[in-house]
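As structure tokens, the structure follows; a few thoughts come after it.
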Amino acid sequence: MEDGTPDSAQRTTGERVKLNVGGKLFETTVSTLRSGGPDSLLSALSNRTSNEPVFIDRDPEIFSALLALLRSNRLPSTAKRFSNHELIDEAVYYGIESQLRSALAPSQLSGIDASLFSTIRPSSDGVVTDFNAVDSDGSVWVAHGGQVSVYDWSLTHTETVRTHLDYISSIKKVGTDLAVVGSEFESGLHFYNLANGRRVGSVEWTDPSDPRIYKAKVNAVVDSVDSVYAAFECQHRENCVVSIDKGTMKAVSELGRQSGNSAKSTVVGKLTFLPEINALLGVSVSAGAFGYSGYVRLWDSRSGDVVWETNEPGSGRSSRFGDSFADVDFDREDLTMFKICSKSGDLAVSDLRKLSEDPWVYLEEKNPCMRHAGGGSSTLIHCYRKQVFVGRGGELEVWSRMVEKGIDVERERVLHEGLYRRNYMDKVEDAERGIIKKIEGAGDRLFVTRENAEGIEVWQSSQFSGAVLNL
């Protein structure tokens, strides 16, 4: 350049740069500032030709933590003095939100070393009636009373919308800013745009030829890329699964319409969609004076036909007749199905690609001090990251897959009794907080709600495990 000042493109990465942030002087290198990415404010400042420190009217203490992040790709211990919301606001200003997100993201969830990390507590109606943890973006959509609150990947509250319902018992995120909600006390499935807080659509299950089909309430909901599936039940127990087009928000077909007058025809209580095999899976469990009963049904989502079904107890299909399942869930990665037995409390697994009349393999517990856990009415399971999380009353445990070194892939896929190992996740004081009501995994976190307890527990494997944040 004519004035003798070096051109910005010729500045060496080791050259020093001075910044005045909120009255505090910082000195760093060009390479550190450019590590924030070419589009960041700090990268642009590194190209300045003047040696005079530029003034930035921001918090110097938070900037110090973010500068340490750029230097080492890790947040310093001093960052714990600030909330995630404060750190994110500053990172967005400097254009380094992606670096901060990587630093704040939890480690891959391992139930063996996970611990209670935080608790999400809605500001009003703190008892959570349902929630949907979204694995794709790590967000959590929370129903509490008649309201819906959203928490982003950092567990920061972003918005709350009050619906026309007094009580929401089912919620599912089905699109950007779009959720469906249903209530066990009021009819219909309702679409809400959380960006503007408006109800944008509703679906009722009706049949003009059958006057019994009216005021049907939603019992379970799941979605695929282009459809929403909702299990409806009428006052006279007639029920079915309704397929709803996401684009039009209109019902397009019925699956499995049934009378509801027996255990084999009660309404579906859990819906799962597996895109890998284009399958919709429904689970129904009933508990009565004579124990548990229920069914698992697999539909081809394209044709609506039932391609496999099992009932317990029934027709000798279970090798443990009388020990019916208390809950069933599905591993989407391995395409396996798990059940927890109502009497013995044993865990069984089957391969969804090799379903038969009795497909179950019962897992063995080799640890003597953990055997004979028993079942019961407060037992539920959830599959996530090739692990099976089990709630037994207030206790939380994990079954982790054991993979031996040198075992080929085909052999690893063979199910056998010793394939999983069981471990406790919680402490005695954790179990005393109440009976576990729901478990969901997303974003390498495990979310847990308990009966009559406010908020959602957040479990994760992290160097900060055990710290409780006030959200």
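Points worth noting:
- Residue-level check: of (1) among the basic types (Lys, Arg); (2) surrounded by fewer than 21 Cβ atoms within 10 Å (Cβ to Cβ); (3) touching a strand residue (DSSP E or B) at 6+ places or on another chain (Cβ under 7 Å), Lys173 misses just (2).
- Check on Ile96, over 21 Å from Lys24 (Cα atoms), β-branched (Val, Ile, Thr) and modelled with pLDDT of 90 or more: no
- Conditions (1) more than 24 Å from Ser253 (Cα to Cα); (2) at pLDDT 95 or above; (3) open to solvent by 10 Å² or more (accessible area, probe 1.4 Å); (4) outside any loop (DSSP other than H, G, I, E, B): number failed by His164: (4)
- For the residues Val267, Val296, the requirement of being at pLDDT 95 or above, in a loop (DSSP other than H, G, I, E, B) and either closer than 24 Å to His382 by Cβ or in the same structural domain as Val222 (by the TED database) (or both) singles out Val267.
- Hits in the range 394-415 (condition: assigned to a loop (DSSP other than H, G, I, E, B) and at pLDDT below 85): Met402, Val403, Glu404, Lys405, Gly406, Ile407, Asp408, Arg413, Val414, Leu415
- Test: Ser293 is touching a helix residue (DSSP H, G or I) at 6+ places or on another chain (Cβ under 7 Å), surrounded by fewer than 20 Cβ atoms within 10 Å (Cβ to Cβ) and in contact (Cβ under 8 Å) with a residue 12 or more places away in the chain: no
- All of (1) crowded, with 18+ Cβ neighbours inside 10 Å; (2) under 24 Å from the mean Cα position of the chain (by Cα) hold for Ser187 with one exception: (2).
- Number of residues in the range 77-111 that are under 30 Å from Asn423 (Cα atoms), part of a loop (DSSP other than H, G, I, E, B) and out of contact with any Leu (no Cβ under 8 Å at 6 or more places or on another chain): the value is 5.
- Pick from the range 118-134, criterion open to solvent by 20 Å² or more (accessible area, probe 1.4 Å) and either aromatic (Phe, Trp, Tyr) or touching a Gly at 6+ places or on another chain (Cβ under 6 Å) (or both), ranking: farthest from Asp444 (Cα to Cα): Asp125
- If you filter the range 36-54 down to residues that are more than 14 Å from Val17 (Cα to Cα) and either free of Cβ contacts under 8 Å to residues at least 24 places away in the same chain or hydroxyl-bearing (Ser, Thr, Tyr) (or both), you find that the one that is most open to solvent (accessible area, probe 1.4 Å) is Pro38.
- Against the test of being charged (D, E, K, R), at pLDDT below 90 and farther than 30 Å from Ser136 by Cα, the options Arg58, Arg48 yield a single qualifying residue, Arg48.
- Residue pairs meeting the criteria (Cβ under 6 Å; at least 6 apart or on separate chains; first assigned to a loop (DSSP other than H, G, I, E, B), in the range 433-448; second of a type in the set (S, T, N, Q) and open to solvent by 20 Å² or more (accessible area, probe 1.4 Å)): Ile435/Ser378; Asp444/Gln108
- Thr28 being at pLDDT below 95, open to solvent by less than 30 Å² (accessible area, probe 1.4 Å), touching a strand residue (DSSP E or B) at 6+ places or on another chain (Cβ under 9 Å) and in a strand (DSSP E or B): yes
- Here is the figure for the range 62-76: residues that are among the basic types (Lys, Arg) and either outside any loop (DSSP other than H, G, I, E, B) or surrounded by 16 or more Cβ atoms within 10 Å (Cβ to Cβ) (or both) total 1.
- Selection of the range 229-286 for residues being under 14 Å from Ala216 (Cα atoms) and basic (Lys, Arg) yields Arg237, Arg257.
- Failed criterion for Ser83 (all others in (1) open to solvent by less than 80 Å² (accessible area, probe 1.4 Å); (2) modelled with pLDDT of 95 or more; (3) under 30 Å from Glu159 (Cβ atoms) hold): (2)
The values are calculated or read from the model by the stated rules, or taken from the named source; none is laboratory data. Only a predicted model underlies this, so the values are computations on that prediction, with no experimental measurement involved. Cβ sites come from the backbone with ideal geometry, for glycine too, and all protein chains shown count toward neighbours. We work out accessible area using only protein heavy atoms, side chains counted, and drop any ligands, DNA or RNA first. Shrake-Rupley method; radii C 1.70, N 1.55, O 1.52, S 1.80 Å.
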